[in-house]
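Visitor: There's a structure below that I have some questions on.
The values are calculated or read from the model by the stated rules, or taken from the named source; none is laboratory data. The model shown is predicted, which means the values in this text are computed figures rather than measured ones. Reconstructed Cβ throughout: ideal geometry from the backbone, glycine too, with neighbour counts over all protein chains shown.
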Amino acid sequence: MSNKSLTCLQKGLKGSVQVPGDKSISHRAVMFGAIAEGKTEITGFLPGADCLSTIACFQKMGIDILQKGDKVTVYGKGWSGLNEPSEILDVGNSGTTTRLMLGILAGRPFHSVVIGDESIARRPMSRVTEPLRQMGAEIDGREDGTYTPLSIRGGETKGIHWVSKVASAQVKSCILLAGLQSEGKTTVEEPSLSRDHTERMLEAFGVEVTRDNMTVSVEGGQALKGRSVFVPGDISSAAFLLAAGAIVPDSEITIENVGVNPTRTGIVDVMKKMGVSFKEKNKRDVNGEPVADFVVKTSNMQGTTIEGDLIPRLIDEIPIIAVMASQAVGTTVIKDAEELKVKETNRIDTVVSQLKKMGADIEATPDGMIIRGSAQLQGAELDSFGDHRIGMAMSIAALIAKGESTILDTEAINVSYPTFYEHIDKLRGTEN
Ligand code: S3P
């Protein structure tokens with residue numbers, strides 16, 4: 001287990017970086033390439049542990065995938081090119097791999113076993129196993145298919161109209177991927193719009209997708225055609241640097257090439273509401289996904305309320321938003337965010353317990369948290385609990401804390417941002 005010691009920065013963060021590729025888009029590019037006919041060439045791929053788990057799983061199903069850094073080539077052979085794996089499909093720490101892959105496996109006429117790490121074993125899978133069973137897949141698993149390990153035998157499935165209780169792109173994508181292999185039409189309705197990378201990328205791969213507000217449908221029997229995919233930088237990774245730029249005194253940093261899909265830019269709305277001094281520049285469209293550069297400066301921030309439809313648009317950013325809120329004047333209330341409890345860790349508990357250790361005035365609520373700003377944070381021993389975003393959020397908090405902080409288990413950060421500390425060093429001017 002690797003730990004990291006950090007102290008309060010003596011000077012501001014300056015300069016510019018490009019964050020690594022978007023995790024959600026990288027996963028989808030590999031999976032869609034694997035089920036498509038012909039070659040898919042990906043650039044800007046995130047070589048983080050989660051996306052490497054996706055590659056390994058599809059290789060075990062007989063797909064040739066070559067990966068070197070951020071370049072990946074996938075030699076898809078169509079839906080029927082996937083073979084029954086002779087080994088267990090290990091998803092590591094990745095919920096996206098688990099849930100989207102189950103949607104693909106639901107329509108494949110073979111047996112497979114899906115397993116992950118101890119965090120995955122705690123995450124609810126009935127939100128996908130239930131609709132997939134109704135579509136006709138045979139699924140078994142711990143607590144009747146609620147948790148991994150899961151076994152699945154796919155085959156002839158039927159379209160479904162599924163009303164999801166949660167706004168989850170993983171659930172929506174899983175069902176749509178099963179639907180593409182099913183008889184008839186499949187529709188997913190969600191309570192608020194979750195990220196729509198699946199819809200956009202399926203269209204780019206030649207699939208017809210019908211969208212109407214919070215409802216999305218596909219007809220079964222559609223094939224995907226391999227293509228080139230450019231993956232923009234991950235706004236969820238950029239969020240840590242945006243927050244660092246806002247809270248570390250005397251900072252001004254540029255983050256280039258960040259994906260700004262509107263289903264992901266809740267963090268931008270919150271920064272505006274909090275009064276963060278930032279600019280979005282060079283907005284452009286790359287492969288059906290909007291991209292921009294950000295410039296952020298040290299800011300005086302105010303507390304805000306974050307709730308409702310905004311939550312799915314920033315769900316992964318809440319740990320770092322809590323750090324920003326601890327430095328804002330006034331109170332920040334985060335509600336409607338029960339989903340935080342079923343992420344890589346229970347992020348209500350982990351954020352609140354770790355920021356409390358640093359002296360923040362923060363309390364957990366059943367569906368979020370309340371943070372009263374502007375406490376002087378104190379260095380402390382902080383645990384990532386194996387959750388990449390907790391490790392990064394606490395590392396940023398440590399940069400403004402009095403005294404030394406040690407962050408335990410920082411290896412977890414490799415899941416989504418393997419070059420995180422290199423980028424911090426670059427911006428603080430201590431790069432070798
Ligand atoms: C993701 C969807 C979100 C997000 C996760 C990635 C995806 O999860 O938290 O990091 O790529 O579809 P949910 O769909 O479960 O909300």
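Visitor: Search segment 160-215 for residues being within 15 Å of the ligand (Cβ to nearest atom), closer than 28 Å to Phe110 by Cβ and free of Cβ contacts under 8 Å to residues at least 60 places away in the same chain, and hand back the single one that is surrounded by the fewest Cβ atoms within 10 Å (Cβ to Cβ).
Guide: Restricting to residues being within 15 Å of the ligand (Cβ to nearest atom), closer than 28 Å to Phe110 by Cβ and free of Cβ contacts under 8 Å to residues at least 60 places away in the same chain, the top hit is Ser164.
Visitor: Can I ask one more? Has segment 103-112 got at least one residue that is within 16 Å of the ligand (Cβ to nearest atom), surrounded by 16 or more Cβ atoms within 10 Å (Cβ to Cβ) and either modelled with pLDDT of 95 or more or charged (D, E, K, R) (or both)?
Guide: Let us first name the residues in segment 103-112 that are within 16 Å of the ligand (Cβ to nearest atom), namely 103-104.
Subsequent filtering for residues that are surrounded by 16 or more Cβ atoms within 10 Å (Cβ to Cβ) retains 103-104.
Then keep just the ones that are either modelled with pLDDT of 95 or more or charged (D, E, K, R) (or both); that gives 103-104.
Yes, that holds for at least one residue.
Visitor: Follow-up. When only residues in segment 319-346 that are touching an Asp or Glu at 6+ places or on another chain (Cβ under 7 Å) and not aliphatic (A, V, I, L, M) count, which is nearest to the ligand (Cβ to nearest atom)? Step through it out loud before you land on a result.
Guide: Within segment 319-346, the first condition is being touching an Asp or Glu at 6+ places or on another chain (Cβ under 7 Å), and the residues that meet it are 335-338, 344-345.
Subset that is not aliphatic (A, V, I, L, M): 335-336, 338, 344-345.
Values: Lys335: 17, Asp336: 13, Glu338: 11, Glu344: 8, Thr345: 12 Å.
If we take residues in segment 319-346 being touching an Asp or Glu at 6+ places or on another chain (Cβ under 7 Å) and not aliphatic (A, V, I, L, M), then Glu344 is nearest to the ligand (Cβ to nearest atom).
Visitor: Continuing with the same structure: Say whether the condition of being touching a helix residue (DSSP H, G or I) at 6+ places or on another chain (Cβ under 8 Å), outside the structural domain of Ala49 (by TED's automatic domain parsing) and on the phi > 0 side of the Ramachandran plot is met by at least one residue in segment 335-353.
Guide: Checked against the condition, which is being touching a helix residue (DSSP H, G or I) at 6+ places or on another chain (Cβ under 8 Å), outside the structural domain of Ala49 (by TED's automatic domain parsing) and on the phi > 0 side of the Ramachandran plot, segment 335-353 yields at least one hit.
Visitor: Output the strands (runs of 3 or more DSSP E) that fall wholly within segment 1-65 and possess 2 or more residues being at positive phi and touching a residue at least 12 places away in the same chain (Cβ under 8 Å), or say none.
Guide: Details: elements: 4-6, 14-18, 37-43.
Counting at least 2 such residues, we get no strands (runs of 3 or more DSSP E) at all.
Visitor: Can you tell me which of Ser94, Ser119 is of a type in the set (Gly, Ala, Ser), crowded, with 24+ Cβ neighbours inside 10 Å and within 16 Å of the ligand (Cβ to nearest atom)?
Guide: On the way: Ser119 fails: crowded, with 24+ Cβ neighbours inside 10 Å.
Testing whether each residue is of a type in the set (Gly, Ala, Ser), crowded, with 24+ Cβ neighbours inside 10 Å and within 16 Å of the ligand (Cβ to nearest atom) leaves just Ser94.
Visitor: Right, something else. Those residues that are away from the ligand (no atom under 14 Å from the Cβ) and surrounded by fewer than 23 Cβ atoms within 10 Å (Cβ to Cβ), I need them from segment 305-318; list them, please. Steps first, answer last, please.
Guide: Just the residues of segment 305-318 that are away from the ligand (no atom under 14 Å from the Cβ), to begin with: 305-308.
Hits for segment 305-318 are Thr305, Glu307, Gly308.
Visitor: Could you give me the residue pairs with C-beta distances under 6 Å whose first residue belongs to segment 79-102 and is on the phi > 0 side of the Ramachandran plot, whose second residue is among the acidic types (Asp, Glu) and within 16 Å of the ligand (Cβ to nearest atom) wherever it lies, and which are 6+ apart or on separate chains?
Guide: Correct list of pairs: Gly92/Asp117.
Visitor: Within segment 255-297, restricting attention to residues that are surrounded by fewer than 19 Cβ atoms within 10 Å (Cβ to Cβ) and polar (S, T, N, Q), which residue is nearest to Ser326 (Cα to Cα)?
Guide: Of everything passing the filter in segment 255-297, Ser277 is nearest to Ser326 (Cα to Cα).
Visitor: Okay, next question. Go through (1) within 15 Å of the ligand (Cβ to nearest atom); (2) among the basic types (Lys, Arg); (3) over 13 Å from Ser228 (Cα atoms) one by one and return the number of the condition Arg28 breaks.
Guide: The number of the failed condition is (3).
Matching residues to (1) in contact with a Ser or Thr (Cβ under 7 Å, 6 or more places away or on another chain); (2) modelled with pLDDT under 95; (3) closer than 30 Å to Thr146 by Cα:
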| site | (1), (2), (3) |
| --- | --- |
| Asn346 | no, no, yes |
| Asp367 | no, no, yes |
| Gly373 | yes, no, no |
| Leu382 | yes, no, no |
| Ile400 | no, no, no |
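Visitor: Can you name the condition, by its number, that Gly226 falls short on among (1) assigned by TED's automatic domain parsing to the domain that holds Thr186; (2) farther than 23 Å from Lys39 by Cβ?
Guide: Going through (1) assigned by TED's automatic domain parsing to the domain that holds Thr186; (2) farther than 23 Å from Lys39 by Cβ one by one, Gly226 breaks only (2).
Visitor: Another question, then. Taking segment 122-159 as the region of interest, how many residues are away from the ligand (no atom under 16 Å from the Cβ), touching a Phe, Trp or Tyr at 6+ places or on another chain (Cβ under 8 Å) and closer than 18 Å to Ser94 by Cβ?
Guide: Here the count works out to 1.
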